[in-house]
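Trainee: Below: one structure in structure tokens.
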Amino acid sequence: VMTLPLYKNETDTEDEFHVLPKENELGEPIVGQDGTLSWSPGGRYLAIQHLAGNHFEIISIADLGDPQEGKIVVGRIAQATPSRFNSRQPYWGLARSDNAIKSLERKLSVIRGEEDLDSSDTADEPGSTTLYFLSDRDVQTDVSSPWGTRGPFPHWSKDSSLYGLPLTTHNSDILLGRFSGGGTMEISAEAMLVVDQAMEEKRTLDPKNESSSTEAASGEGNEKVKFPMDVEIDFGEQGLSFARRAYRIANVPKMKYIGLLSQTPDGSFALVSKGSSGIQMEIYTAESYPSDRFDHTSISFPRLLAYDVSTTRSYASLIRADGTIQVIQNKISSIVTACKDSSFGVANSEQVAFSVWPALEYKQMYNDAWRMLRDYFYDKEMHQVPWEDIHARYLPLVERCTKREDLDDILSQMAAELSALHVFVYGGEYSTPFKGERMLSSMHKPASLGAFLQRNIEWKGYVVKEIALCDPDYNLIEDKQMYSPLSDQVLQLSGQNGLEVGDVIVGVNGESAFRVPDIHMLLRGKAGQSVRLDVLRLSSGKVQSDSSGAKKAHPEPVLVVPIDQEAAFDLRYNAWEWKTRQKAKALAKEAGFSVGYIHLRSMSQEDADAFARSFFEDYDKEAMILDVRHNSGGSIDSWIASFLERKAWYFFEGRIGKTRGVDIDWNQQYAFRGHIVVLIDEKTSSDGEGISRAISELGIGVLIGKRTWGGGIWLSSDNNLVDGGIATAPEYGVFNDKWGWGMGIEAQGVEPDIEVDNNPREVYDGHDAQLERAIKKLKNWLKDEPIPDPLAPAKKPDMSLKDEQCFNR
């Protein structure tokens, strides 16, 4: 299954490929790239995992005709799971009772005289009688109420359970794929014992068959390769009756499963889960039939990258993060061994080599990028751009590419013809001096001390001009260090004093810092390693003066651990954010009101955490500044908007009286009652623009700053090229009745209500005109529309029984 080949479309009638209908027989869509596919062992049926119209994952089964007839005949596409839950990871397998039923049928045939004791079963094996899948049907929240700090929301864990869907019905001649659990199979145990006893009596009466039957049982010389034959699936009438035959596998607990690797004929399972300790293989070994219980073993497998089974379910493959490929028999014992022993079943890839002709590869990647833009772009008309002409226009340039960077230039120009801002070209295999060797690369990267240093001739060293200072109440955020390696917060943990502005670093690991053009040359490859600095503590220590009054100091050793450049960037950014927050609160205090400040550098999971860290502590302030300047986008605008849209519509007060946070609050919990200003600039992009537009459109607040970037078509960035690079395709257009396509964002940007530009020189000098304008706006706003504390009625109800009431009664 693939996207359509170059210059093909779905109306072509050639037999080279077949395009399935865009809906299953219940009208649920089976289009889009969010699907996975699994062929039945016999090749007749295709299980399709796809999104239903309500966004739940469902499974449909397409009947594509008997493969032995040599052609595809598209039959029914039946829905195999309801669209009320997520159902995923379809696996064609056998029911636990299937072997017992087949054995019982053969024994009955022998007893009836239809078969001899020494006859072997030559019938084709059923390829599959049961479709197994994972489903999250136990909808249970782990949050009991909305009371508590940070306004707890109902949270539904990603636990799922294992289900089986019989592919035949009780009315079928084949009673395979039946439910085996809850003790149901024990009903047949007595009958099976009677049959076994009858078989034993037959052997006793006919001893000449003993040796031949034993020989047949041994399988010597009788081995036969059998092609799996798919059972005829009884879909029943159109509707969900077929889907509702499914049953939950007994004694397999719900867990955070992410995949189903294997199911063996004896009813054992190998599932993949993801818990707090990482990826694990969950092995459920079936006890002897007819027991429905399993022996459960968890095996840690943190470096598992991918897994699969062959179509006939004979073999399984495991791919580790280091590229090792293990190909093993699809048996529980083999899977357990492979998990524990990374050398077991390893495919020899040392002699595997690929002959790559760069010119042809560049052409292939150009064709693929063009084709995937055609197939992924949200507008089938490609913004009225003649897309086939565009392909022909840039193709001659591809033939002149001599390196991967050249191809990037051409892909950028080709994609830019669409005039859509969410088109990015990046990644791929580039020639580097270190050939991808991380150690060599890291050895040449200069580490950082998390401070601004200035070369000083007088002291023959580097003066500390500024140390990045961050929020003092956090040691780590997202498990990342918050402070400069030179700060007191870090060095005091090892019994040392931090450096201060004015101190001088004169040496690094015994070498003079003044003998190199830049001190960072002595810090190459030192990130995360202990480094000795020789420091003149002119500010943080005691300094003597000579007769002329000049300062005198002796170098003091300080052991520090430098950070890498990425961490240094985060440190500087966090320091700017902390400084801006403090400035906002100070300016608001001077203006006579209270304010909360939230900065979101993007709109990802980490920024949801950042929102929580800042919003809840200040939800009761008179005003709030949401700063999305420099915001690089993401997808959490609906979360942020839903919190800011909350309205306080009644209030609580107990007997203590008006004690904020103890006896007085409001419903909806943590609703913000004050005024909101959003700061935007020309670097506010993507979902940063989305939340800005939402706050403006929903009447939540006022926008101040500069017009934003202008990217309003959403994307998933998964149309990768063969070398891992990508030319992203904007996939999901947005619209409403007022703005039409693009929401007034795409190729336009969000216009602020109050336009204010930040002069770079003033910013360098410590001024923030946009922030200062926000404070001025909020001050005037609060003057016109103050936010009073809720005022309870003067008297509480008088519920006493009066004399006249008693008399009237």
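The values are calculated or read from the model by the stated rules, or taken from the named source; none is laboratory data. Quick caveat, the model's predicted, so the values are computed rather than measured. Quick reminder, even Gly has a Cβ in these numbers, built from the backbone with ideal geometry, and neighbours come from all protein chains shown. Areas reflect the complete protein model, heavy atoms only, side chains present, ligands, DNA and RNA absent. Shrake-Rupley method; radii C 1.70, N 1.55, O 1.52, S 1.80 Å.
Trainee: Can you compute the modelled spin-label distance between R137 and S355, with each label point 7 Å from Cα toward Cβ, in nm?
Mentor: That separation, rounded to one decimal, is 5.5 nm.
Trainee: Still on this structure: Taking all protein chains together and a probe of 1.4 Å, list Y670, Y284 from the most accessible to the least accessible.
Mentor: Values: Y670 35, Y284 0 Å².
Result, largest first: Y670, Y284.
Trainee: Further question on the same structure: Output the peptides 86-94, 722-730 sorted from most to least packed, where packing is the average of other Cβ atoms within 10 Å over each peptide's residues. Display every interim value, and only then the final one.
Mentor: Numbers: 86-94: 23.9, 722-730: 19.1.
In decreasing order of mean packing, 86-94, 722-730 become 86-94, 722-730.
Trainee: Also, quick follow-up: With every protein chain in place, what's the accessible area of H18 (1.4 Å probe, Å², nearest 10)?
Mentor: Ignoring ligands and nucleic acids, H18 comes out at about 90 Å².
Trainee: Order the peptides 272-278, 500-506, 791-797 from the highest to the lowest mean number of other Cβ atoms within 10 Å of their residues. Intermediate values should be presented prior to the final figure.
Mentor: Details: 272-278: 12.9, 500-506: 20.0, 791-797: 7.7.
Descending mean neighbour count gives 500-506, 272-278, 791-797.
Trainee: Would you tally the net charge around F85, using a Cβ to Cβ cut-off of less than 14 Å, leaving F85 out, and scoring K and R as +1, D and E as -1? Working shown, then result.
Mentor: Values: positive: R84, R88, R137, K158, R244, R248, K254; negative: E28, E57, D136, D138, D159.
Taking every Cβ under 14 Å from that of F85, the sum is +2.
Trainee: Across every pair of different alpha-carbon atoms, what Kirkwood hydrodynamic radius in Å does region 421-485 reach?
Mentor: Numbers: mean 1/r = 0.0615 Å⁻¹.
The Cα-based Kirkwood calculation yields 16.3 Å.
Trainee: Using a 1.4 Å probe and ignoring any ligands, DNA or RNA, find the accessible area of F452 and quote it in Å² to the nearest 10.
Mentor: In the full protein context, F452 sits at about 110 Å².
Trainee: Percentage of Cα-Cα pair distances in region 332-409 greater than 15 Å, rounded to whole percent? Please report the intermediate quantities before stating the final value.
Mentor: Working: 2104 of 3003 pairs.
Looking at region 332-409, the distances longer than 15 Å represent 70 percent of pairs.
Trainee: To the nearest 0.05, what FRET efficiency results for K363 and N497 with a Förster distance of 56 Å applied to their C-beta separation?
Mentor: On the way: r = 62 Å, r/R0 = 1.11.
The calculated FRET efficiency here is 0.35.
Trainee: Around P386, under 15 Å between beta carbons, what's the net of Lys plus Arg minus Asp minus Glu among the other residues?
Mentor: On the way: positive: R374, K380, R393; negative: D379, E381, E388, D389, E417.
Residues close to P386 contribute a combined charge of -2.
Trainee: A 27 angstrom limit on the alpha carbon distance is what I want to check against. Which of K621/K776; K583/K779; K480/K621; K445/K542; K274/K526 exceed it? Present the calculation step by step, with values, prior to reporting the outcome.
Mentor: Values: K621/K776 16 Å; K583/K779 15 Å; K480/K621 29 Å; K445/K542 35 Å; K274/K526 34 Å.
As for pairs spanning more than 27 Å Cα to Cα, those are K480/K621; K445/K542; K274/K526.
Trainee: Given points 7 Å out from each Cα along the Cα-Cβ axis, report the A747 to R515 separation in nanometres with one decimal.
Mentor: Taking the simple label geometry, A747 and R515 are separated by 6.2 nm.
Trainee: Can you give the FRET efficiency for Q238 and S310, using 1/(1 + (r/R0)^6), R0 = 30 Å, r = Cβ-Cβ distance, to the nearest 0.05? List each step's numbers first, then the result.
Mentor: Working: r = 33 Å, r/R0 = 1.10.
Plugging the Cβ-Cβ distance into 1/(1 + (r/R0)^6) gives 0.35.
Trainee: With every protein chain left in place, what is the accessible area per residue of region 249-348 in square angstrom, probe 1.4 Å? Show your work: numbers first, answer last.
Mentor: Values: 4670 Å² over 100 residues.
Computed with neighbouring chains in place, this is 47 Å² per residue.
Trainee: Going by average Cβ neighbours within 10 Å, how do the peptides 589-599, 38-48 rank, with the highest at the top? List each step's numbers first, then the result.
Mentor: Numbers: 589-599: 18.5, 38-48: 21.5.
Result, highest mean first: 38-48, 589-599.
Trainee: How far, in nm, would the chain grow between M443 and K460 when pulled straight, counting 0.36 nm per residue and subtracting the alpha carbon separation? Walk me through the numbers on the way to the answer.
Mentor: On the way: separation 17, 0.36 × 17 = 6.12 nm, distance 2.64 nm.
Between M443 and K460, full extension yields an extra 3.5 nm.
Trainee: Take the alpha carbon atoms of region 400-516, find their radius of gyration, then divide it by 2.2 N^0.38 Å using N residues; give the quotient.
Mentor: Normalised by 2.2 N^0.38 Å, the Cα Rg of region 400-516 equals 1.63.
Trainee: Provide F424, F354, F569, F611 ordered by accessible surface of protein heavy atoms (probe 1.4 Å), highest first. Don't jump to the answer; show the numbers that get you there.
Mentor: Working: F424 80, F354 175, F569 110, F611 10 Å².
The residues order as F354, F569, F424, F611, largest area first.
Trainee: Separate question: If you filter region 334-393 for trypsin sites (Lys or Arg not before Pro), then keep DSSP loop positions with at most 11 other Cβ within 10 Å, what is left?
Mentor: On the way: sites: K340, K363, R371, R374, K380, R393; in loops: K380.
Within region 334-393, the qualifying trypsin sites (Lys or Arg not before Pro) (loop, at most 11 other Cβ atoms within 10 Å) are K380.
Trainee: What percentage of the solvent-accessible surface of region 674-734, computed with a 1.4 Å probe over protein heavy atoms, is contributed by carbon and sulfur atoms? Let's see the in-between values first.
Mentor: Working: 830 of 1740 Å².
That fraction is 48 percent.
Trainee: Report the normalised scattering of region 520-629 as log10 I(q)/I(0) at q = 0.14 Å⁻¹, calculated by the Debye formula with identical scatterers on the alpha carbons.
Mentor: Log10 I(q)/I(0), no solvent term: -0.81.
Trainee: Please compute the Kirkwood hydrodynamic radius of region 404-458 from all pairs of different C-alpha atoms, in Å with one decimal. Write out the running numbers ahead of the final one.
Mentor: Working: mean 1/r = 0.0649 Å⁻¹.
That comes to 15.4 Å for region 404-458.
Trainee: Next question, about the same structure. Of V560, V425, which has the most accessible area with a 1.4 Å probe, and how do the rest follow in descending order?
Mentor: V425, V560
Trainee: H554 accessible area, nearest 10 Å², 1.4 Å probe?
Mentor: Here the accessible area works out near 150 Å².
Trainee: Relative to the present Cα-Cα distance, how much length would full extension add between K776 and H296 at 0.36 nm per residue of separation?
Mentor: Details: separation 480, 0.36 × 480 = 172.80 nm, distance 6.47 nm.
Extending this stretch completely gives an extra 166.3 nm.
Trainee: Can you tell me what the convex hull of the Cα atoms of region 367-426 projects to on average, as an area in nm²?
Mentor: Values: hull surface 15.6 nm².
Mean shadow area of the hull around the Cα atoms is 3.9 nm².
Trainee: Pop a pseudo-label 7 angstrom from the Cα along the beta-carbon direction at both S800 and H554 and give the gap in nm to one decimal.
Mentor: Result for the modelled spin labels: 8.5 nm.
Trainee: Report, as a whole number in µm² per second, the diffusion coefficient that Stokes-Einstein gives for region 280-410 at 10 °C and 1.306 mPa s using the Kirkwood radius over alpha carbon pairs. Mind showing how you got there, number by number?
Mentor: On the way: Rh = 19.4 Å.
The diffusion coefficient I find is 82 µm²/s.
Trainee: Taking the Cβ-Cβ separation of V73 and E429 as r and a Förster radius of 35 Å, what is the calculated FRET efficiency to the nearest 0.05?
Mentor: Plugging the Cβ-Cβ distance into 1/(1 + (r/R0)^6) gives 0.25.
Trainee: Moving to a separate point now. Express in nm, to one decimal, how much length is gained between S157 and S343 on full extension, taking 0.36 nm for each residue of separation and deducting their alpha carbon distance. Intermediate results must be reported in sequence, preceding the final value.
Mentor: Values: separation 186, 0.36 × 186 = 66.96 nm, distance 3.55 nm.
Contour length minus Cα-Cα distance gives 63.4 nm.
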